[in-house]
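What follows is one structure encoded as structure tokens, with my remarks underneath.
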Amino acid sequence: MRNLALVFISGSIFGLGLVISEMTNPEKVRSFLRVFGNWDPSLLFVMFSAIVVSAPMFWILEKGRPKKQLGLAINSNQKFLDGQLMMGAGLFGIGWGLVGFCPGPAVSSLSFGQVTSVIFMVAMIGGFTISDYLKSSR
């Protein structure tokens, strides 16, 4: 129960940060990607802040500290690039640029009742389902 409470608190803080930084607004993301137009660098500050917060934890994990957090194993030894990762990253980037949403902000924006958020979430879940089906059929 304690783990569930910590996950809920962490997710709520993450969602609140996305709302405060306006990353739940697809136009904010698109204006960051519009380098040769009316460019908005605020997403750059959000990304930099995320790196500043997460980098110390990655450093601690790499230095051989306990490999468990909240009772879950953490595998930080995956240092590889393969076709699946590159294809997934490419599809993620294309989708993010087209619609201005990635999964975190899309979930947070559901609280605003935006139709585009619901459509994105249905499409994302559909993509997960298709991916699982394709993997299992191999």
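For the stretch 32-43, check the following and say yes or no: at least one residue is among the basic types (Lys, Arg), at pLDDT 85 or above and either out of contact with any Lys or Arg (no Cβ under 7 Å at 6 or more places or on another chain) or farther than 26 Å from Val118 by Cα (or both).
yes
Quick check on my filter: what residues within the stretch 18-37 are part of a helix (DSSP H, G or I) and free of Cβ contacts under 8 Å to residues at least 12 places away in the same chain?
Ile20, Ser31
The values are calculated or read from the model by the stated rules, or taken from the named source; none is laboratory data. Source: prediction; values computed, not measured. Cβ atoms come from the backbone with ideal geometry, glycine included; neighbour counts cover every protein chain shown.
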